[in-house]
Amino acid sequence: MNFTYIILIPLIPLVSFLLLGIFNKKIKPGISGYIGVAGLSTSAALSFYTAYTYFFTIGKVDGVYQTFVEKITWMNFTDTLAIDMGILIDPISVMMLVVVSTISLMVHIYSRGYMKGDDGYTRFFAFLGLFSFSMFGLVLATNLFQIYIFWELVGVSSFLLIGYYYTKSSAVAAAKKAFIVTRFADLGFLIGILIIGYYTGTYDFETLNNPEGSTILNWASSSFMGLSIITWALILIFMGGAGKSAMFPLHIWLPDAMEGPTPVSALIHAATMVVAGVYLVARLFPMYYFVEDGFALNIVAYVGAFSSLFAAIIAITQTDIKRVLAFSTMSQLGYMMLALGVSGYDGHEGVGYMASMFHLFTHAMFKALLFLGAGSVIHAVHSNYLKDMGSLRKYMPITNITFLVAALAISGVFPLSGFWSKDEILVAAFEHNKLIYFVGIFVAGLTAFYMFRLYFGIFWGKNTTYKHTPHESPISMTFPLMILAFISIFSGFIPFSELITPDKAGFEAHLNIPLAIVATIIGLIGIGLAYIFYKKENDLADRFSNAFGIFYKWTFNKFYFDEIYLFVTKKIIFNRIAGPIARFDKKVVDGTMEGIGNKTVVISKKIKGIQSGKVQDYALSFIAGAVVLALVFIYLWTN
Amino acid sequence: MDILSLFVIVPVLTIIALLFTKGLKQARLVSMVGSIFQLGMAINLVIAYFKERAINDSIMVFTKDFVWFEQFNIHYSIGVDGISVALIVLTTIVVLAGVFISWKMADLPKEFFISLLVLSTGVYGFFISIDLFTMFLFYEIAVIPMYLLIGIWGSGPKEYSAMKLTLMLMGASAVLMVGIFGIYFNSNADGGALTFNILEIAQVNIPFEAQKLFFPLTFIGFAVLGALFPFHTWSPDGHASAPTAVSMLHAGVLMKLGGYGVFRVAMFLLPEGTIHWSWFFIILAAIGVVYGAFGAIKQTDLKYINAYASVSHLGLVLFALLTLNKIAWNGAILQSLSHGLLTAMFFALIGMVYGRTHTRDIHKLGGLMKIVPFIGAIYVITGMAYLGLPGFSGFVAEMNIFVGAFQNPDMFQRVLTVLAVSSIVVTAVYILRLVGKIMMGPLVNEDFKNLPKVTWYEKTGILLLLIPIVGMGVAPLWLSDMIMASLDPFIKGVL
C-alpha cells in the first residue's frame, strides 16, 4: 500500500502557515480564515481516508495490523546512526491523525467566529497552521529524534499561541513559563535520547520496540546505579512526556497557559499537544513494558495516578472556568498515563494500553467541546469567572445542551463515550493494581462533582443580571459544538479493543458489569452533590469551604506550587546563581584582567622618568651600566 | 587568477576603489558592489569545490604556493577544504549584510568601509592560508582594524573598550606567536627543513615534550579570540562599544578565527599535546558554556546579553572540539557557522532597535512588536533559532555536538556533556526574558509610537542572514557531509 500521500497531511498546514505568515499584512482577514479552514479540511479528509484504508481496506494481515514506514535521511552522524524524517503508519498514529485533524478543523471553523475582528486574525490562523503541521509531524514520527524535533516545534507553537495577546504582561509571562518548564522537561527527554542512541545504536521506533530486538533482549547489559541504563533513559524520556502532558510536578504551566485564546486552549492544551506525552509513552510502550520488567512503566503509573488525584482536588476550588477545565485536563491526562502504566502486552492483558488510547480519543472530543463551550460562554459574558455567570441556559440553548453532553461524557454517564473509555481504564487498574484502582474511582467521583459544579454554576445557579444581554454564539461557533457533541455521544461505540492494542492483534472486550455499576454510582453521587450545592443559589458551598478552612485555602492556591517554583527561579537561580556570576565576572575575572592592565600603567608611570630626554641622564646611565658590566666581566674573568 | 587569491585581491581592489570615493553614497555603493562580488565568488567557490572534490581527494584543494621569504622558508601557500569553504561563505554573507546594515553610516563613511574591508581581507586570508606565518599575518590584519573601528565609530566608553579588546587580543597573539615559533622550530624533528607549511608539519612527529609545551600556548592564543573562559572579558565591553556592523563582523566572523585556529593549528599539528591537555581545557570550555548562559540572564544591556550568549555558544564550539570526536567536530564547525549567522543577526537587530530608540537598556524597552512588527517578528525568530529550535541552524549544530560528545562513555566527559546540554534550558530563559521584555508586553514609552519603519536595506541585510539560517536548519545534510568529509585527516592524529 502506498502511503506517500500522507506527507501532504502535515505539509498543507505548513504551506498555510508560510502563506499567512509571510503575507500577513496583504491578506484580508476573511480570506485567511478560509485558507486555514480549507487547508485543514483537506488534511482532515486525507486523515479520514487514511484511517478508513488502514483499518478496513487493508485490515489485519495474519491477525495483526501492519506497520508502514517511509523515510529519508535528514542528518548523518555515523554510518549507522542518523536522524531520519519520515512517516510511520500504525494503529496509534492513524488514530492520532484522526484526533488531531478533527479537533484542529473544528477549532479552525470555530475561530472564524470567535476571533472575528481581532487585530491578529491572520497571525492567529498562521500559528494554528504551524501548530497543526508540527502536531501531525509529531504523530507520524518514525524515530526518537524526529519526534523530538516536532516536539519542540509544537512547544514553540504553544508559546506563540499562549502569548498571542502579547501586549498583556500576564500572557507573555504564561507563554514564557510554558516554554521554559517544558524545555526543562525536554532536557531530560534529550538526554534520554542521547543515551538510547549511544547504547542501542539507533533512534528508530521499529528497531527499538521490537520485542525480539537487541534493545529489549539486552536491556540488562549495562547498568548505572543499580538500574539498567535503558531504564534510566526511559525515565528521562518520560520526564519529557510528563512536561508536555502536565504531570505533577511539571504541571505548573498548564493553568497559566489558559491566557491564550480559548480555541487554542481547546486545541493545544486540552485535546492534542498535551496528549503528546501519553502518545510518547504509548509509542515506546514495548520498551517501557519489557525493559527491567516495567520498572519505568510503574513510575508512569504512579505519577499518572497522583497527578490525576492532585489535579481533580484543585479543580474543585477554582473559580476561573478555564482553569477548572485546565486542571480537569491534567487529571484526565493522569488517567491516561495510569492506564498505560498498569497495562500488559499480550491479548487482553493490553487492556490498559487500549483504554488509554480510547480515553485519549474520547477525552479529546469532549474536552475540546467543553473548552469551545466555555469559549462560547466567555464570548457572551466577557468574563472567565464563575461569579459573573449563572442562568445562561436561558440565553444560550445550544451551548447549554452541548456543554451538558460533554459534562455527562466526562463524568462517565452511560452510554456516552466517556463511560466506555473510563470503564476500560478502571478495569485495567482493577486487574493490576488495586491502589491505583481506588485512586481512579475516587477521581471519577471528583470529576463528576467539579464538572457539574461548573455546569450548574454557568447555566443554572444564581440569576445574574447582565449589562448586555448574552446571546447564543454565531453558527460558525455552534456548528463545531454540535459536531463534537455528536462524536462525544457516539464515539464510545467504536470497537477500540479490535483496533488498538499493544500487540496490534486486538481482543474481545467485555463490559465488566460490576465495575461499571460501581463507577456509575460514584459518578452519579458526584453529580448529585453538585446538584445540591450549585443547582440553586445557596450558601452550602461557602459553609463547606469555611469548614475546611486551611485545606480549602491550600487547594485554592494550588498547593502553592507556583510560589515554590517562583522561589526556585527568582530567589535561587536569578539571585543566587546568575547574579553572583554576573558580579563575579565583573569583579574577579574581568577585575584580574583590568588589574594587570592597571598595574602596567602604574609601573610605566613609575619608570617613565627614566626616559627624561636629558642627554646627561642618559650618559650617566650609560656610564653606570658600562661600569657595572665591566665589573661583572672582571669578576668573571678573574674566577 | 586562481580562485582563492581572488578573495584577498577583490577586497583590496575594493579598498583602492574606496580611496577615490567621495561621501557616503559612493562609499557604500562601492562597498556593496565589492561585497556582492565576493558573495558571488563564494557561491562559485562552493560549486567549484564540489566539482574538484569529486576528482581530487587530497586534504586541501586549489592549492597554490609561492616562496615569499626564502631564508625562513615562508611561503604564500593557500588551499581550502570543506571547513574553510564553509567559513569563507559565512564571511561573505556577514560582510555583505554588514554593509547593508551600515547603509546610513554618516560619520567618516569612506574610512569606515575601508576598515571594514581590511578586516574582511584579513579574515579571508586567514581561512585560505596553509602557511602558519602567512596565516598569522592575516590574523593580525584582521584584528588590528578593530581598534580603529571601535575607537572611532564606537559608542559609550569606546576608547577604554577598544584598548581593552586590542590589548587582550594582542596579548593572546604574543602567546600564540611563541606557540607558532615553537612548532616551526620543531618542524625538522624527522630531519628535513624547517617549515611553516601546515600540511608538511602534520606529517612530522613533533616530540611529545615540545607538543606538551606548545599546545597550551597555541590553544590559548587562538581560544582567547574564541571567548575561552576566563579570557572572554574583552568581548562584552568590546561589543557594547562597537558600532553595529563591527559587532556583526566581529562576533559573526572574527571570533570564529579562534575555533578555526585551535582546530587547524593547535589540534591538527600537536595531536599528542591535544590529548595530553584536553581534559583541562574541556573543563574551561564547559564552564564557559554554562557560565556564559547564566551570565546572560542578569544583563540588562542588549549587547551584553548577546556577548555573554556568545561566550556560551562559542564555549560549545571549543567544548565540541576538545571531545575529540568526529561528530562533535562536525557540530563544532556547524555551530561556528550557525552562531556566526545568528549573532550577526542579533547585533543587526540590536542596531536597528538602538538606532530607533537610542537605548539598549531592556528596562527602557518594551512592547516594540506592535510598533515595528518586522523587527519584532525577526527578533522572535532569531531568538528561537538561538535557543536551538529545530528548523534552524542552531539545532543541527547542537545536536551534532551533543550526540558526538556522548560517544565517549568516560564518566568525566559524560558529566561535562550533561552540563553542556543543560545550557539549552538556561538559554531558553535568557532568550525568552529578552524577547518577552523588549518586544512583547505593554508599550513602555509613548515616544516609541512614531518609530521609523524598517527600510529596504535593513530588510535585505536581515534576509541575507535569515535564509542560510533556515536553509541549514531544514536541509543540513549536504553541508554536514561536506564538512564531515574534511575531518578525517584531523581524527587520525588524535586516535
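The values are calculated or read from the model by the stated rules, or taken from the named source; none is laboratory data. The model shown is predicted, which means the values in this text are computed figures rather than measured ones. No Cβ is skipped: glycine too gets one built from the backbone with ideal geometry, and neighbour counts run over all protein chains shown.
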### Summary
Residue count, segment A:366-402, condition in a helix (DSSP H, G or I) and without any contact (Cβ under 8 Å) to a residue 12 or more places away in the chain, comes to 1
### Query
In segment A:559-621, which helices (runs of 4 or more DSSP H) lie fully inside it and hold 1 or more residues that are farther than 30 Å from A:ALA257 by Cβ and modelled with pLDDT of 75 or more?
A:579-584, A:590-607
### Query
Does any residue of segment A:533-545 turn out to be under 30 Å from A:SER411 (Cα atoms), modelled with pLDDT under 75 and aliphatic (A, V, I, L, M)?
yes
### Message
All but one of (1) within 21 Å of A:LEU280 (Cβ to Cβ); (2) more than 8 Å from chain B (Cβ to nearest Cβ); (3) of a type outside the set (Lys, Arg); (4) surrounded by fewer than 23 Cβ atoms within 10 Å (Cβ to Cβ) hold for A:ILE195; state the number of the condition that does not hold.
### Response
(2)
### Message
Can you go through B:LEU321, B:LEU387 and tell me which one is more than 10 Å from chain A (Cβ to nearest Cβ), buried (at least 24 other Cβ atoms within 10 Å of the Cβ) and touching a residue at least 24 places away in the same chain (Cβ under 8 Å)?
### Response
B:LEU321
### Task
All but one of (1) more than 25 Å from the chain's Cα centre (by Cα); (2) among the polar types (S, T, N, Q); (3) farther than 29 Å from A:PHE556 by Cβ hold for A:SER421, so report the exception by its number.
(1)
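So which residues in segment A:2-28 are among the polar types (S, T, N, Q) and assigned to a helix (DSSP H, G or I), if there are any at all?
The initial filter retains those residues of segment A:2-28 that are among the polar types (S, T, N, Q), namely A:2, A:4, A:16, A:24.
Result: A:THR4, A:SER16.
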### Query
Of all the residues that make up segment B:398-454, how many are part of a loop (DSSP other than H, G, I, E, B), out of contact with any Ser or Thr (no Cβ under 7 Å at 6 or more places or on another chain), farther than 18 Å from B:MET369 by Cα and more than 9 Å from chain A (Cβ to nearest Cβ)?
1
### Task
Find the residue count for segment A:410-436, including only residues that are under 21 Å from A:TYR450 (Cβ atoms) and assigned to a loop (DSSP other than H, G, I, E, B).
5
### Query
Can you name the residue in segment B:1-35 that is among the small types (Gly, Ala, Ser) and over 23 Å from the mean Cα position of the chain (by Cα) and is also modelled with the lowest pLDDT among such residues?
B:GLY23
### Query
Do we have any residue at all in segment B:64-83 that's in contact with a His (Cβ under 6 Å, 6 or more places away or on another chain), β-branched (Val, Ile, Thr) and in a strand (DSSP E or B)?
yes
### Task
State which residue pairs qualify: first residue among the basic types (Lys, Arg) and inside segment B:136-162, second residue part of a helix (DSSP H, G or I) and crowded, with 21+ Cβ neighbours inside 10 Å in any location, beta carbons under 8 Å apart, and separation of 6 or more residues or different chains.
B:LYS158/B:ILE150; B:LYS158/B:SER241
### Task
Would you mind stating whether A:ASP119 is of a type in the set (D, E, K, R) and farther than 18 Å from A:THR262 by Cα?
no
### Summary
The one condition B:ALA377 fails out of (1) surrounded by fewer than 21 Cβ atoms within 10 Å (Cβ to Cβ); (2) within 8 Å of chain A (Cβ to nearest Cβ) is (2)
### Among the residues listed as A:PHE133, A:PHE159, the single one being under 18 Å from A:SER43 (Cβ atoms) and assigned to a helix (DSSP H, G or I)
A:PHE133
#### Entry: Total residues in segment B:152-172, condition more than 14 Å from chain A (Cβ to nearest Cβ) and part of a helix (DSSP H, G or I)
3
### Task
Check segment A:213-223 and report whether any residue there is crowded, with 23+ Cβ neighbours inside 10 Å and within 13 Å of chain B (Cβ to nearest Cβ).
no
### Task
Return the residue satisfying two criteria in turn: it lies in segment A:48-85 and is within 14 Å of chain B (Cβ to nearest Cβ) and touching a Phe, Trp or Tyr at 6+ places or on another chain (Cβ under 9 Å), and of such residues it is farthest from A:VAL139 (Cα to Cα).
A:LEU81
### Task
Output yes when any residue across segment B:423-438 is in contact (Cβ under 8 Å) with a residue 60 or more places away in the chain, surrounded by fewer than 24 Cβ atoms within 10 Å (Cβ to Cβ) and polar (S, T, N, Q), and no when none is.
no
### Summary
Just one listed residue, out of B:MET352, B:MET369, B:MET345, is at the interface with chain A (Cβ under 10 Å from one of its Cβ atoms) and either in a helix (DSSP H, G or I) or on the phi < 0 side of the Ramachandran plot (or both), and it is B:MET369
### Message
Scan segment A:531-550 and tell me whether some residue there is in contact with a Lys or Arg (Cβ under 8 Å, 6 or more places away or on another chain), outside any helix (DSSP H, G or I) and surrounded by 11 or more Cβ atoms within 10 Å (Cβ to Cβ).
### Response
yes
#### Entry: Boolean, B:THR14 is surrounded by 14 or more Cβ atoms within 10 Å (Cβ to Cβ), in contact with a helix residue (DSSP H, G or I) (Cβ under 7 Å, 6 or more places away or on another chain) and outside any helix (DSSP H, G or I)
no
## Note on the structure
Note: among B:PHE215, B:PHE229, B:PHE219, just one is at pLDDT below 85 and either crowded, with 24+ Cβ neighbours inside 10 Å or among the aliphatic types (A, V, I, L, M) (or both), namely B:PHE229
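For segment B:400-421, which positions are buried (at least 19 other Cβ atoms within 10 Å of the Cβ) and within 18 Å of A:PHE184 (Cβ to Cβ)?
Across segment B:400-421, the qualifying residues are B:PHE402, B:THR417, B:ALA420, B:VAL421.
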### Message
So, restricting to helices (runs of 4 or more DSSP H) that lie completely within segment B:184-301, which ones have at least 3 residues that are closer than 30 Å to B:TRP68 by Cα?
### Response
B:198-203, B:208-223, B:255-261
### Message
Name the single residue that is nearest to A:TYR302 (Cα to Cα) among those in segment A:438-467 being hydroxyl-bearing (Ser, Thr, Tyr) and under 24 Å from the mean Cα position of the chain (by Cα).
### Response
A:THR447
### Task
Find all pairs meeting these conditions: Cβ atoms under 8 angstrom apart; at least six residues apart or on different chains; first residue within segment A:563-588 and at the interface with another protein chain (Cβ under 9 Å from one of its Cβ atoms); second residue assigned to a helix (DSSP H, G or I) and basic (Lys, Arg).
A:PHE574/B:LYS298; A:ALA578/B:LYS298; A:GLY579/B:LYS298; A:ILE581/B:LYS298; A:ALA582/B:LYS298
### Task
Determine which member of the set B:ILE462, B:ILE467 is more than 12 Å from every other protein chain (Cβ to nearest Cβ), in a helix (DSSP H, G or I), under 20 Å from the mean Cα position of the chain (by Cα) and free of Cβ contacts under 8 Å to residues at least 24 places away in the same chain.
B:ILE467
### Exclusive hit being surrounded by fewer than 19 Cβ atoms within 10 Å (Cβ to Cβ), in contact with a Ser or Thr (Cβ under 8 Å, 6 or more places away or on another chain), away from chain A (no Cβ under 14 Å) and hydrophobic (A, V, I, L, M, F, W, C), set B:LEU194, B:LEU149
B:LEU194
